[in-house]
1. State whether the residues of the stretch 30-49 include one that is among the hydrophobic types (A, V, I, L, M, F, W, C) and farther than 30 Å from Ser217 by Cβ.
2. Taking Ala185, is it at pLDDT 95 or above and over 25 Å from Arg246 (Cα atoms)?
3. Just to be sure before I move on: is Gly76 of a type outside the set (Asp, Glu) and over 30 Å from Gly136 (Cβ atoms) in the structure I sent?
4. From the list Asn50, Asn105, Asn101, which one is at pLDDT 95 or above, closer than 25 Å to Ser133 by Cβ and either aromatic (Phe, Trp, Tyr) or open to solvent by 10 Å² or more (accessible area, probe 1.4 Å) (or both)?
5. Give the stretch 78-96 a look and list any residue that's surrounded by fewer than 24 Cβ atoms within 10 Å (Cβ to Cβ) and either farther than 25 Å from Phe154 by Cβ or of a type in the set (Asp, Glu) (or both), or say none.
6. Can you tell me which of (1) in a loop (DSSP other than H, G, I, E, B); (2) within 26 Å of Gln127 (Cα to Cα); (3) aliphatic (A, V, I, L, M) is the one Ile201 doesn't meet?
7. Can you tell me which residues in the stretch 220-268 are under 28 Å from Arg326 (Cα atoms), part of a loop (DSSP other than H, G, I, E, B) and touching a Pro at 6+ places or on another chain (Cβ under 9 Å)?
8. Do you know which of the residues in the stretch 221-253 that are of a type in the set (Ser, Thr, Tyr) and in contact with a helix residue (DSSP H, G or I) (Cβ under 7 Å, 6 or more places away or on another chain) is surrounded by the fewest Cβ atoms within 10 Å (Cβ to Cβ)?
Amino acid sequence: MKSILWKIPFFMLSRRFGWPKMLPINLTLSPTPRCNSRCLTCNIWMKRENELTIEEWDRVLQSLGRAPFWFTISGGEPFMFNDLVPLAQSAYKHCRPGIINIPTNSLLFKRIPEKVDEICKSCPESQVIINLSLDGVGEKHDRIRGIKGNFEKFEKNLAALRELKHPNLSIGIHSVISRFNVDDAPELFDYALGQKTDSYITEIAEQRVELDTVGLSVTPAADKYSWAIDQLIERVEKMQFHGISRVTEAFRIEYYKLVKRILVEQTQSIPCFAGWASAQIYGNGEVWPCCVRADNMMNLRDADYDFRRVWFSRQADVIRASIRNRECHCPLANASYTNMLMHPPTLARVGAKVAKQSLRVGNGPARAASAPDVSAEEPEAAEERPAAQVRPEADPDPSAPETAERR
């Protein structure tokens, strides 16, 4: 983390004045849109692309050098990409990232642990984060994901990954809060936190060009999301974290609050650095500032696989100008965490919170980061909850037929 903090003022200068020229520190690779889920919140599974080969990916990553700190290898379902392990190894060889993050729907639970084991062994200096998708408990998860038995495979995948004993492996759970599960969010949070994984993160379902969901009703109403996410904040703030986990959890709470602001304000509540500090490479070779707009800066195949040539192109500058002028806004989690890192007031709040927690732990007995005893605490929490936190009424039919084929 320290290796990127010194870059923050330079990214701020670059966004405002166009100088210095900076390569992104947060890069998402989407090698394939292919997916074996049929989620209510996503249509990417319907796409097919002329995908970059592993040889092409290697040339792209070589052109990046040591600039990226955080890689996310996404999809589609990343574990359906046959060269996932070589792709991670290529990123490690050329870029030496601090973090390699890979989400999964767990459907290929028999092959996932083997591939994760190989990635961890071959990328020893990177923190490998495997985030298991979970959008509901039991059959509720299967309904949203569109695959019967998905929840059972989630549990099997989690158990198998826990058997891996790599010091650079972190296992997390990731939930998408949508209009299809927002009313059941407390149940989902209690189950996920109760698994006591290394992390639990959520993001909000939104319309994205990449997912082919523009115009579809997947995002929960602002008041419902606010009610649900306050349940999560309440639970997380009763937990104690140690080391770097204090920092990451403080950022997550800031993200949840930021999403609430964006839903209400309908603008960039803090400056967006997509196109400067974060970017995405789609499976067909296009370079985007983010997956929400999916503006094509240029195809890497047309730039001899030179990322710098694309990133510093005239078309890239035009796209960045649009973002700088706030012609878009979104609560995209991946970009938002980078945006918060570039936002001094957010950094100040996170620093103050971490310092306060450190003092509190130093003055009392420490407790491991784990889920609170929700069954004992919920009644008291309900009594103390302000009137504004009263649960909004449920939608008449959260699984409306019009979206039956959406991921």
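1. Of the residues in the stretch 30-49, the ones among the hydrophobic types (A, V, I, L, M, F, W, C) are 35, 39-40, 42, 44-46.
Checking which are farther than 30 Å from Ser217 by Cβ leaves us with none.
No: the stretch 30-49 contains no residue that is among the hydrophobic types (A, V, I, L, M, F, W, C) and farther than 30 Å from Ser217 by Cβ.
2. On the way: at pLDDT 95 or above: yes; over 25 Å from Arg246 (Cα atoms): no.
Spelling it out, it is not the case that Ala185 is at pLDDT 95 or above and over 25 Å from Arg246 (Cα atoms).
3. On the way: of a type outside the set (Asp, Glu): yes; over 30 Å from Gly136 (Cβ atoms): no.
No, not satisfied.
4. Working: Asn50 fails: closer than 25 Å to Ser133 by Cβ; Asn105 fails: either aromatic (Phe, Trp, Tyr) or open to solvent by 10 Å² or more (accessible area, probe 1.4 Å) (or both).
Of the residues listed, the single one that is at pLDDT 95 or above, closer than 25 Å to Ser133 by Cβ and either aromatic (Phe, Trp, Tyr) or open to solvent by 10 Å² or more (accessible area, probe 1.4 Å) (or both) is Asn101.
5. Result: Asp83, Pro86, Gln89, Ser90, Tyr92, Lys93, His94, Cys95, Arg96.
6. For Ile201, the failing item is (1).
7. Matches in the stretch 220-268: Ala221 only.
8. To start, the set of residues in the stretch 221-253 that are of a type in the set (Ser, Thr, Tyr) comprises 225-226, 245, 248.
If we keep only those that are in contact with a helix residue (DSSP H, G or I) (Cβ under 7 Å, 6 or more places away or on another chain) too, we end up with 225-226.
Working: Tyr225: 24, Ser226: 19.
Taking the candidates together, the pick is Ser226.
The values are calculated or read from the model by the stated rules, or taken from the named source; none is laboratory data. Because the structure is a prediction, the values reported are computed rather than measured. For neighbour counting, all protein chains shown are included, and Cβ atoms are generated from backbone atoms with ideal geometry for every residue, glycine included. Please note that ligands, DNA and RNA were not included when accessible areas were found on the heavy atoms of the full protein model with its side chains. Shrake-Rupley method; radii C 1.70, N 1.55, O 1.52, S 1.80 Å.
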